RNA sequence: GCUCUCAUAGCUCAGAUGGAUAGAGCAUUGGUUUCCUAAACCAAGGGUCAUAGGUUCGAAUCCUAUUGAGAGCGCCA
């Protein structure tokens, strides 16, 4: 807020002094205790490029004018053109009543009238959520909260892959166990193993007897298997306070004819051709272990879409020779459906292992004549699991998964959120299970809640009556100035985090704020008490502490952390 | 072979838009509590920002090359 205010002042003066230049894109940011002032701007560097004169000259010219504002104590210009702003104390004090008035709504922006669809998790309904899904789950949830906070209308969606090979493997895996329970042998090529498969089989055997051992079982087992896993996923998510607005089923895309609609559009645009191999693909060099080599026997030719015309590296098959559709086609249909619903922005949180899929989906969307700039992908890097220094592989087939719910139960939801929100989405993540357990002893949530507890204690002890006035002769302490400066950048922190889709910035900010408070508290608790008989002093200080409390609570709300 | 992501303290990680002395937590060492209670604070040590060039007033950040790590290069979803 204050930062924006300062920016506006500088903007005004630039327009007055150099009316002819284009409004430059500069920033104002808070400075740590450094002897260089309260805020710093790069404005002189940017403007000097525009004017062709030296930054220090520009800075001095600008400083002379900006200095005249009451809220500016002084401007210092340092070589080669740093523009250092010292603000008047009144302006910092003035933040307190604003924060108090807005309470936890502080930092929220008015609705922008923009609708965002965010799709995340979307784990296949072939097993429970595991640690590999955690990052996408928490990131998506927090991002939704953040986008809402800064004024977007947000819809959260989960895409259910309830069609095709994977769910057939699921059904067969359950069926195998089901048959075994009735003493019938049934063998499968690929299967999922794990307790949950046996449980579903057991339940079906109990409820439905042996009637499926000798008839067409597949559709029924797919249906039940998907349903059971989905129930479980929904329950786990709810347990972590992650709620979705909609659940979109892949098989409905077929049932409702949306896939066919896409095919018709392509057909009418003459973008399809029958072939054994992609025209552009040629003989791509693949590494030996490439799955493309491994599965080359499955390439039998079919109907290709000319995605290479729309930015993809090669054309892609969309319908196999046997007439069945490929996953990509359904995904294009799904995204066309998203576009139809009229969102201004369509966000997809995908695992980095789907990175290769982005280009062809984009191409497919462009081929439909849709504006793919509305489509944004956030690729979440994989989590590398370690235990006692050794790698662990997550595999549903081998049944070696660590359930997400297990983690949350073990260390708590708040700590889990912090764990996954404590790094930027595109950093690789080494997750050591032993260390995680150590971490639970030293739980960062405690740091937050203890900070809040101290704030509450102070407020309760004071005779704060909900009434605040900022006229006062009290001079802020250095620490109090710094705290208020931190308060002043809350809006920018939210804005940057939202723009870059990097909510971890809020966590770091919040942690920094609390740490500064703890430091302040410890320093003055014994001598020169924070609360004293000096009513004016106490009043300002209580106001400051309530402001901090509000910002911490607001940040935690965005992060979905309950303390 | 090609594409994407990444490499910062002993460990786990922050450092958007190039800015002043590169930060935090954990770990290590030492210190601090007559309740606004220490789940905290203070202090110290710890760095060739992977390497080598380049761009410029100025680079952890941008460009090029090299090395190393992860992911992808399926008519699986």
Pair list, Cβ < 8 Å and 6+ apart or interchain, from the stretch A:146-157 residues that are without any contact (Cβ under 8 Å) to a residue 24 or more places away in the chain to residues that are not in a strand (DSSP E or B):
none
Among the numbered criteria (1) within 13 Å of RNA strand B (Cβ to nearest atom); (2) within 24 Å of residue A:32 (Cα to Cα); (3) assigned to a helix (DSSP H, G or I), which single criterion is violated by residue A:530?
(3)
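Do you know which of the residues in the stretch A:254-276 that are without any contact (Cβ under 8 Å) to a residue 60 or more places away in the chain and in a helix (DSSP H, G or I) is surrounded by the most Cβ atoms within 10 Å (Cβ to Cβ)? Can you show your working first?
So the first thing to find is which residues in the stretch A:254-276 are without any contact (Cβ under 8 Å) to a residue 60 or more places away in the chain, and the list is A:255-257, A:260, A:264, A:267-268, A:270, A:272-276.
Okay, now just the ones that are also in a helix (DSSP H, G or I), so A:255, A:260, A:264, A:267-268.
Numbers: A:255: 10, A:260: 14, A:264: 11, A:267: 11, A:268: 9.
Restricting to residues being without any contact (Cβ under 8 Å) to a residue 60 or more places away in the chain and in a helix (DSSP H, G or I), the top hit is A:260.
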Within the stretch A:498-510, how many residues are closer than 15 Å to residue A:32 by Cβ and near RNA strand B (Cβ under 6 Å from one of its atoms)?
1
Those helices (runs of 4 or more DSSP H) lying entirely in the stretch A:328-435 with at least 1 residues modelled with pLDDT of 90 or more and within 17 Å of the chain's Cα centre (by Cα):
A:413-421
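Residue by residue, here is whether (1) assigned to a helix (DSSP H, G or I); (2) more than 20 Å from residue A:91 (Cβ to Cβ); (3) more than 6 Å from RNA strand B (Cβ to nearest atom); (4) at pLDDT 85 or above holds:
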site: A:458; (1), (2), (3), (4): yes, yes, no, yes
site: A:480; (1), (2), (3), (4): yes, no, yes, yes
site: A:496; (1), (2), (3), (4): yes, yes, no, yes
site: A:517; (1), (2), (3), (4): yes, yes, yes, yes
site: A:542; (1), (2), (3), (4): yes, no, yes, yes
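The values are calculated or read from the model by the stated rules, or taken from the named source; none is laboratory data. Given the structure is predicted, the values throughout are model-derived calculations rather than measurements. So basically every Cβ, Gly included, is an ideal-geometry build from the backbone, and we count neighbours across all protein chains shown.
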